[in-house]
Amino acid sequence: MSDRNATALLIVGHGSTVNPDSSAPTLAHAAEIRRRRMFADVACAFWKEEPSLHDAVFLFDNPAIKDVYVVPNFISEGYFTQTVIPRELELTGRKTKRVNGQMWNYCEPVGNDPSMTDLLLKRAKEIAPDAPEKSTTLIIAAHGTDLNENSAVAAKREAEKIRKLDRYAAVLNLYMEEQPLISDWMKLTNTENVVVVPFFISDGLHSYEDIPVLLGIEKDARSSAAARARSGDIFRRNPHHLRGRSLFYAGSIGTDARFADVIIEQATNMRSVRHGD
């Protein structure tokens, strides 16, 4: 991105007061982008951790910085990207001019980036390199909720895009809290191999504890928590052999180091819109 000395990047994450792993990917991606020296400053802000979203408006006090690009490190559009972040950052739209003259440019969440499809495919291949795709079902596992219809949209969109490529025997989008359910994966698939990629930003309670129980990898949340305590051992015990099937379970997509490129791409896209490129 040009005008390095005049631009800054703010990566916004959810964070957690109970799960220290929640903010880890966001912080790691920020460190990688900072290492590339593409921006005058790179910072993170969180809804549930420090630095807070409310305090983020004071992060970039260098008078040389004219543009701040705000990238939500979220999978889908929803309550946080549409309401919480704009409210806490005092954004009035896609572009907000501050009293100090800075222009804050609000980008789309990372989950909307077209490269997400390729990242999911690469993660699936890396976790099950020897599983023939034509005898494999790929499952995009997401949260889903009846409280926000947008929660399931991103996973559904990605599953449809991958399905059209006709690479896997089947591609399903399954959810924790709405139909079709992750817990029904056994009856929804009929292939020898099944690859599950959690469509989450970070590895936390859902990917370490809840989904393994829903899949049958772990018997209960206590054993899943033990796997979490073993620093991600649950992701390294592939394949899991269940009722004659080989189940491959990946870490959350947002932990992929290539997410740094997605964040940069979202900022670049917003800059192109701003300058009419």
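The values are calculated or read from the model by the stated rules, or taken from the named source; none is laboratory data. Computed from a predicted model, the values in this text were never measured in an experiment. We place every Cβ from the backbone using ideal geometry, glycine too, and count neighbours over all the protein chains shown. Surface areas here come from the heavy atoms of the whole protein model, side chains and all, with no ligands, DNA or RNA. Shrake-Rupley method; radii C 1.70, N 1.55, O 1.52, S 1.80 Å.
Against the definition (free of Cβ contacts under 8 Å to residues at least 60 places away in the same chain and in contact with a Ser or Thr (Cβ under 8 Å, 6 or more places away or on another chain)), how does Glu158 come out, yes or no?
Spelling it out, Glu158 is indeed free of Cβ contacts under 8 Å to residues at least 60 places away in the same chain and in contact with a Ser or Thr (Cβ under 8 Å, 6 or more places away or on another chain).
Quick one: which residue in Thr17, Thr26 is open to solvent by 10 Å² or more (accessible area, probe 1.4 Å) and β-branched (Val, Ile, Thr)? Steps first, please.
Values: Thr26 fails: open to solvent by 10 Å² or more (accessible area, probe 1.4 Å).
Matching residue, one of Thr17, Thr26: Thr17.
Among the listed residues Ala128, Ala159, identify the single one that is modelled with pLDDT of 95 or more, open to solvent by less than 50 Å² (accessible area, probe 1.4 Å), farther than 18 Å from Thr81 by Cα and more than 20 Å from the chain's Cα centre (by Cα). Working first, answer last.
On the way: Ala159 fails: more than 20 Å from the chain's Cα centre (by Cα).
The match here is Ala128.
From the set of residues in the range 205-234 that are at pLDDT 80 or above and out of contact with any helix residue (DSSP H, G or I) (no Cβ under 8 Å at 6 or more places or on another chain), which is surrounded by the fewest Cβ atoms within 10 Å (Cβ to Cβ)? Lay out the reasoning, then the answer.
Filtering the range 205-234 down to residues at pLDDT 80 or above leaves 206-218.
Right, trim to out of contact with any helix residue (DSSP H, G or I) (no Cβ under 8 Å at 6 or more places or on another chain) and you get 206-207.
Details: His206: 19, Ser207: 27.
Across the range 205-234, the extreme among qualifying residues is His206.
Looking only at the range 108-118, decide whether some residue is surrounded by fewer than 19 Cβ atoms within 10 Å (Cβ to Cβ) and closer than 23 Å to Phe60 by Cα. Explain how you work it out, then say what you get.
Filtering the range 108-118 down to residues surrounded by fewer than 19 Cβ atoms within 10 Å (Cβ to Cβ) leaves 108, 114-115, 117-118.
This time we only want the ones that are closer than 23 Å to Phe60 by Cα, so: 108.
Yes - at least one qualifying residue is present in the range 108-118.
Out of (1) buried (at least 18 other Cβ atoms within 10 Å of the Cβ); (2) modelled with pLDDT under 95, what's the single condition that is false for Val71?
(2)
Of (1) outside any helix (DSSP H, G or I); (2) open to solvent by 10 Å² or more (accessible area, probe 1.4 Å), Glu32 satisfies all except one. Which?
(1)
Within the range 80-89, is even one residue more than 23 Å from Val262 (Cα to Cα), open to solvent by 80 Å² or more (accessible area, probe 1.4 Å) and at pLDDT 95 or above? Even if it seems obvious, please write down each step before you answer.
From the range 80-89, those more than 23 Å from Val262 (Cα to Cα) are 87-88; that's our starting set.
Subset that is open to solvent by 80 Å² or more (accessible area, probe 1.4 Å): 87.
Among the residues that remain, those that are also at pLDDT 95 or above are: 87.
Yes; the residues of the range 80-89 include at least one that is more than 23 Å from Val262 (Cα to Cα), open to solvent by 80 Å² or more (accessible area, probe 1.4 Å) and at pLDDT 95 or above.
Out of the range 180-204, which residues are more than 30 Å from Leu27 (Cα to Cα), touching a residue at least 12 places away in the same chain (Cβ under 8 Å) and not in a loop (DSSP other than H, G, I, E, B)?
Within the range 180-204, Leu181, Ser183, Trp185, Met186, Leu188, Asn193, Val194 qualify.
Quick one: is Val197 out of contact with any strand residue (DSSP E or B) (no Cβ under 8 Å at 6 or more places or on another chain), aliphatic (A, V, I, L, M) and under 24 Å from Ser16 (Cα atoms)?
Details: out of contact with any strand residue (DSSP E or B) (no Cβ under 8 Å at 6 or more places or on another chain): no; aliphatic (A, V, I, L, M): yes; under 24 Å from Ser16 (Cα atoms): yes.
No: the conditions fail for Val197.
For residues in the range 235-263 being under 21 Å from Ala28 (Cα atoms) and among the small types (Gly, Ala, Ser), which is surrounded by the fewest Cβ atoms within 10 Å (Cβ to Cβ)?
Filtering the range 235-263 for residues that are under 21 Å from Ala28 (Cα atoms) and among the small types (Gly, Ala, Ser), the one surrounded by the fewest Cβ atoms within 10 Å (Cβ to Cβ) comes out as Ala257.
Within the range 1-14, take every residue that is modelled with pLDDT under 90 and in a loop (DSSP other than H, G, I, E, B) and give me the one that is most open to solvent (accessible area, probe 1.4 Å). Quick ask: steps written out before the conclusion?
We begin by selecting, within the range 1-14, every residue modelled with pLDDT under 90; these are 1-5.
Then keep just the ones that are in a loop (DSSP other than H, G, I, E, B); that gives 1-3.
Numbers: Met1: 57, Ser2: 58, Asp3: 93 Å².
Taking the candidates together, the pick is Asp3.
How many residues are within 21 Å of the chain's Cα centre (by Cα), surrounded by fewer than 19 Cβ atoms within 10 Å (Cβ to Cβ) and among the hydrophobic types (A, V, I, L, M, F, W, C) when one looks only at the range 37-68?
2
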